[in-house]
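Worksheet for the structure shown next.
The values are calculated or read from the model by the stated rules, or taken from the named source; none is laboratory data. Here the structure is a predicted model, which means the values were calculated and not measured. All Cβ positions, glycine included, derive from the backbone under ideal geometry; neighbour counts span all protein chains shown. Heavy atoms of the whole protein, side chains included, go into the accessibility calculation; ligands, DNA and RNA do not. Shrake-Rupley method; radii C 1.70, N 1.55, O 1.52, S 1.80 Å.
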Amino acid sequence: MRARSLVAALAIAFGRVVVPAPVLAAPPAPAAPAATPAELAAAKKLFATGLKLYDEGSFREALSAFSKANAIAPRASLQRNIAQCHRDLKDFASAYDAYGVLLARYGASLSAADKRSVQHAIDELATLTGTIRIAIAEPGALVSLDDHEVGRTPLAGPLRANLGAHVITVAKPGFETIRKEVKLSGGDEATVAGPLEPEVTTGHLVVDAPPDAKVEVFVDGTDVGPAPWEGDVKPGAHVVEARGADKLALPKQIDVARHERAEMALELTSATGRVQIDTHTADAAIAIDGAPVGKGVWEGTLPAGEHQLSIEAAGFRPYKRPFFVHAGETFAEDARMESETSATAPNYEGLYSGLEFFGFATPSGASNGIAKDCPAAPCQSSSPLGAGLGVRFGYAFGWVAVEGMVLGSYDYSTASVTYANGGANDVGRTESYSFHRFGGGGAIGARFATKHPHIRLTGALLGGFETMGNIFKQDASTTAGEPSGSAEETSATKTYTAPLLVADAGVLVGWANGAKLHVSLVTMLQFVGGAVMAPALGSTSLGTGGSFVTPSLQVAQGTQVFLGPMIGFDFGL
């Protein structure tokens, strides 16, 4: 019962039109699903909003409200209000179409007076608009009016448009797009005709040359035929050149755009250059491109381009090399022959030397007293990191060499420990340490290397001794809750000597019997043995914060492992 009352109320409300024309009855909507009471309520609200906006002169906003209401509950009165809003917005073409929909959809239910009123509006709008006929047979092409899509070919009829200039676009993949501007006066009909032409994806290149030029044209390295020449090419940059028996045109770039014609004239120059060859050997036979040309010294002209030079003489190694002749230029070759007896094979026996730099980390970890035996918690420590320099020298007997090495190294690590307050001589504090180890030594052993003029795999195992100096620096400061105080102390140097084992494996790259780049992975083992203790610092004062005693501190112990990359140069073999 409530729903029927709501429908009746909406029928009355939707009967109002916003123009001074006869009020139209609100016939049932065209065949469409019946609106629910909630949808009808929403349509009523949109309709009321549209009337208010129209009364305020906000025609564009009123049009939106009427259109939304009409989509929910179509009514002749709503369609007429939509048409009137288009007219008030000076969009006469849309108003013409809207009145046409009104007449076509609701004509059977309109009174004779209403029909005459609507027809009069349509006739009047016909003089304020024009039509555009799309005469293109290709089906499925997208048609746009002023960049707004209006359908695909074939269209049901001409397009209705406002007076003035318009742009029609007809586009379909694989075809050239038609884009045409038309101007409409009142009642005009313009025509945009086809056909759609297949899409052109190339540009046209024209290469001109003098009438007597006997050269072949090359486009991007491909011989396309004798000059003059023209043909279609892909859009973009192209390199054009020409070659003939006595003339050529040097490569030149030209840009070709799609649909456009690009022209260039060949600039021909002499296609030969002069060649001078001096062997410094009177009876040396000179051949070019396999053909003998003379002995000792030769001079002549050759076509521009690449050629092959061969020189042979008794007692000398054959001399062969390619060379390039540039048009109009002179190429000179000072070909000094090499005696066969002076050529020696690579020598893998004899003295050699090397200089290398290496860096290393310590997989075995720190061996200072803080790291090994934390005297109080919490403690923190880092593994040593370091670098070194080595000088190697040896004598090779082929695959195996006896090698000696002297080296120096330095490494650095840190540690820290926090103590709780243990009394007047053991104040709460944090001690930070930096450990410095430096020194050098020597080792002797064997090296192994493959035989190759330029790339040699190599490895070595050396044993010896290394003497290291150790110092540590202590920074102490009182912890929170203690009287403020801090101090810095540096230990005396503690020295130890330990056996050393050095191993490396890598590659030598360079010249036979000359300098080579040496890249390896190096491992060094230092056998320290028992604990090495740095002298005690004694009593350290933190000012008003109190004092504490630092006993002797372990700086090294056990086997130390150092691992890292090595790079250097070898000289000699």
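Could you tell me which numbered condition Pro154 fails, if it satisfies all but one of (1) within 21 Å of Ala95 (Cα to Cα); (2) over 41 Å from the mean Cα position of the chain (by Cα)?
(1)
Please verify whether Lys90 is closer than 26 Å to His166 by Cα and of a type outside the set (A, V, I, L, M, F, W, C), treating the condition exactly as stated.
Yes.
Which pairs have Cβ atoms under 7 Å, sit 6 or more apart or on different chains, and link a residue in region 206-230 that is more than 13 Å from Gly244 (Cβ to Cβ) to one that is basic (Lys, Arg) and open to solvent by 60 Å² or more (accessible area, probe 1.4 Å)?
Filtered contacts from region 206-230: Val206/Arg261.
Select from region 52-94 the residues that are small (Gly, Ala, Ser) and more than 54 Å from the chain's Cα centre (by Cα) and list them in ascending order.
The answer is Gly57, Ala73, Ala76, Ser77, Ala83.
Looking only at region 138-162, count how many residues are part of a loop (DSSP other than H, G, I, E, B) and hydroxyl-bearing (Ser, Thr, Tyr).
1
Does Ala249 meet the test of being assigned to a strand (DSSP E or B) and small (Gly, Ala, Ser)?
Taking the combined requirement at face value, the residue satisfies it.
Can you name the residue in region 534-560 that is over 25 Å from Thr479 (Cα atoms) and in contact (Cβ under 8 Å) with a residue 60 or more places away in the chain and is also nearest to the chain's Cα centre (by Cα) among such residues?
Gln560
Confirm whether Ala113 is among the aliphatic types (A, V, I, L, M) and without any contact (Cβ under 8 Å) to a residue 60 or more places away in the chain.
Against the criterion (among the aliphatic types (A, V, I, L, M) and without any contact (Cβ under 8 Å) to a residue 60 or more places away in the chain), Ala113 does not qualify.
How many residues are modelled with pLDDT under 85, under 40 Å from the mean Cα position of the chain (by Cα) and open to solvent by 60 Å² or more (accessible area, probe 1.4 Å) if we restrict to region 206-249?
Number satisfying all stated conditions: 1.
How many residues, within region 278-303, are open to solvent by less than 40 Å² (accessible area, probe 1.4 Å) and assigned to a loop (DSSP other than H, G, I, E, B)?
4
Working carefully through the options Leu110, Leu102, find the one that is within 17 Å of Gln84 (Cβ to Cβ) and modelled with pLDDT under 90.
Checking each option against the conditions leaves just Leu110.
Quickly run through region 172-194 and pick out the residues that are part of a strand (DSSP E or B), exposed (fewer than 14 other Cβ atoms within 10 Å of the Cβ) and of a type in the set (Gly, Ala, Ser).
The one that is part of a strand (DSSP E or B), exposed (fewer than 14 other Cβ atoms within 10 Å of the Cβ) and of a type in the set (Gly, Ala, Ser): Ala193.
Which ones in region 99-133 are touching a strand residue (DSSP E or B) at 6+ places or on another chain (Cβ under 6 Å) and either open to solvent by less than 30 Å² (accessible area, probe 1.4 Å) or assigned to a loop (DSSP other than H, G, I, E, B) (or both)?
Result: Thr129, Gly130, Thr131, Ile132.
If you go through region 383-402, how many residues are open to solvent by 40 Å² or more (accessible area, probe 1.4 Å) and under 30 Å from Gly428 (Cβ atoms)?
Within region 383-402, residues that are open to solvent by 40 Å² or more (accessible area, probe 1.4 Å) and under 30 Å from Gly428 (Cβ atoms) number 1.
Sort through Leu184, Leu196 and tell me the only one that's hydrophobic (A, V, I, L, M, F, W, C), closer than 30 Å to His166 by Cα and in contact (Cβ under 8 Å) with a residue 60 or more places away in the chain.
Going through Leu184, Leu196 in turn, just one is hydrophobic (A, V, I, L, M, F, W, C), closer than 30 Å to His166 by Cα and in contact (Cβ under 8 Å) with a residue 60 or more places away in the chain: Leu196.
If Thr169 satisfies every condition in (1) open to solvent by 60 Å² or more (accessible area, probe 1.4 Å); (2) under 40 Å from the mean Cα position of the chain (by Cα) but one, which is the exception?
Condition (1) is where Thr169 drops out.
Go through (1) part of a strand (DSSP E or B); (2) without any contact (Cβ under 8 Å) to a residue 60 or more places away in the chain; (3) surrounded by fewer than 16 Cβ atoms within 10 Å (Cβ to Cβ); (4) not hydroxyl-bearing (Ser, Thr, Tyr) for Ala460 and report which single condition fails.
(3)
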